[in-house]
Structures are given as C-alpha cells and as structure tokens.
Amino acid sequence: MIITSLVSYWVNDAISHSVWGQAKDFNLEHPLTNLVWITSIICILVTYGASYALIAHHPSCGPNLWWVLSTIISVGTIAGALIPEFTKIFTSTESRHVKEVVTSSRQGGASLNILSGLVAGNFSAFWTGLCILGLMFAAYCLSGHAAVQEMMPAQFRFAAPIFAFGLVAFAIYFDPGGGAGW
C-alpha cells in the first residue's frame with residue numbers, strides 16, 4: 001500500500017499542477033479530496049489484482065472467493081473515502097451548514113450559534129452513521145455468499161459477518177486514502 005500511496009501522490013500532483021498550476025487562490029480541500037479518491041481507486045484495483053493473483057487459482061479456494069473477499073475489503077476502502085466526504089459536507093468552510101452557523105452567530109447571538117452548531121453536528125453524525133451502516137450491511141450481505149460459507153467450517157459459519165466487519169474495519173483504519181485512524 002506504500003507503493004499505491006506514492007503512485008497516487010504523484011498522479012494527484014500531476015493533476016493538481018495541470019488544473020491549478022501556479023494559482024494562489026483555490027480551495028485547498030480539492031487536491032486533498034482528489035488524493036483520497038485517487039488513492040482509494042488505486043488501492044481497490046491493487047486489492048482485486050493481489051487477491052486474484054494470490055487466491056483465485058489456489059486449490060483450496062473456490063473460484064469466487066477472491067472477488068468476494070476483495071469486494072468486502074473494497075467496501076472498507078470506499079468507507080475510508082466516503083467518511084471524510086460526509087465529514088467535509090458538514091465541516092468545510094465552503095459548507096452550507098458551516099455558513100448557516102456563521103449566519104446564526106451574526107444574527108442570533110450565542111444561543112442560536114450553539115443550537116445551529118448542534119444541529120449541524122447531529123446531521124453530520126446521522127449521515128456519517130447511515131453511510132457506515134450501509135457499507136457494513138453490504139459487507140454483511142457479501143459474507144453470506146456461498147464462496148465464503150463454503151470456506152468456513154460448519155460450526156463457525158455464524159461468524160462470517162463478524163469476519164466481514166473486521167475486514168471492512170481493517171480497510172477503513174489502514175486505508176492510505178483517507179481512513180487511517182478513523
């Protein structure tokens with residue numbers, strides 16, 4: 001993943017120089033957002049490639065296990081890219097919600113400012129939580145795939161969703177695209 005991070009950085013650097021060049025006045029969040037998405041896409045491609053190379057033709061694995069596991073891991077990588085996006089919607093200086101808090105501060109005083117901030121924070125938590133719920137549900141659905149169920153001993157098949165959640169959480173935490181440390 002270090003190599004994918006370096007490649008992503010270089011690709012993003014080239015794109016940023018071609019789009020913004022020497023401009024001194026641009027939103028600094030855009031190159032960072034591009035870097036997160038470029039890194040996530042490259043990580044997903046490498047995940048599928050490595051899984052195919054390592055387990056697609058392994059005699060003890062079925063023909064579908066490689067892409068099911070890659071998809072579960074990729075759900076975590078996508079989460080590592082989506083969570084900062086959802087956070088940015090509610091915390092960016094360009095965000096409508098932040099502008100509403102600033103307007104509330106100007107026109108309504110401290111109490112309206114606090115209430116407006118709480119509303120923006122609650123919206124942020126709700127939508128980010130809903131995003132995580134949807135991604136975990138996708139991992140849960142994939143864990144029921146026959147390729148996963150066939151690989152697990154019968155007495156441990158109940159644990160397939162827990163294993164899938166672990167893969168998603170691992171990918172979120174270690175995603176060089178944006179999730180590291182969430």
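The values are calculated or read from the model by the stated rules, or taken from the named source; none is laboratory data. Values in this document were obtained by computation on a predicted structure and should not be read as measured data. Cβ coordinates were reconstructed from backbone atoms using ideal geometry, including for glycine residues, and neighbour counts include every protein chain displayed.
Some observations on this one:
- Only residues that are farther than 20 Å from I78 by Cβ and in contact with a Ser or Thr (Cβ under 7 Å, 6 or more places away or on another chain) were counted across region 101-139, and they come to 5.
- Of the residues making up region 151-160, none is within 16 Å of V68 (Cβ to Cβ), of a type in the set (D, E, K, R) and in contact (Cβ under 8 Å) with a residue 24 or more places away in the chain.
- Condition met for L130 (without any contact (Cβ under 8 Å) to a residue 24 or more places away in the chain, farther than 24 Å from N27 by Cβ and under 22 Å from the mean Cα position of the chain (by Cα)): yes
- Which listed residue, of L118, L82, is at pLDDT 85 or above, crowded, with 20+ Cβ neighbours inside 10 Å and either among the acidic types (D, E) or in a helix (DSSP H, G or I) (or both): L82
- Contact map, region 99-124: first residue more than 20 Å from K88 (Cα to Cα) and in contact (Cβ under 8 Å) with a residue 24 or more places away in the chain, second residue exposed (fewer than 14 other Cβ atoms within 10 Å of the Cβ) and not acidic (D, E), Cβ cut-off under 8 Å, separation 6 or more or different chains; the map is empty.
- Check on I42, in a helix (DSSP H, G or I), closer than 27 Å to H30 by Cβ, among the aliphatic types (A, V, I, L, M) and in contact with a helix residue (DSSP H, G or I) (Cβ under 7 Å, 6 or more places away or on another chain): yes
- Screening region 158-182 for residues that are exposed (fewer than 15 other Cβ atoms within 10 Å of the Cβ) and modelled with pLDDT of 80 or more and picking the one that is nearest to W37 (Cα to Cα) gives G166.
- Some residue of region 26-37 being assigned to a helix (DSSP H, G or I) and under 19 Å from F170 (Cβ atoms): yes
- Condition check for A23: outside any helix (DSSP H, G or I) and over 20 Å from S70 (Cβ atoms): yes
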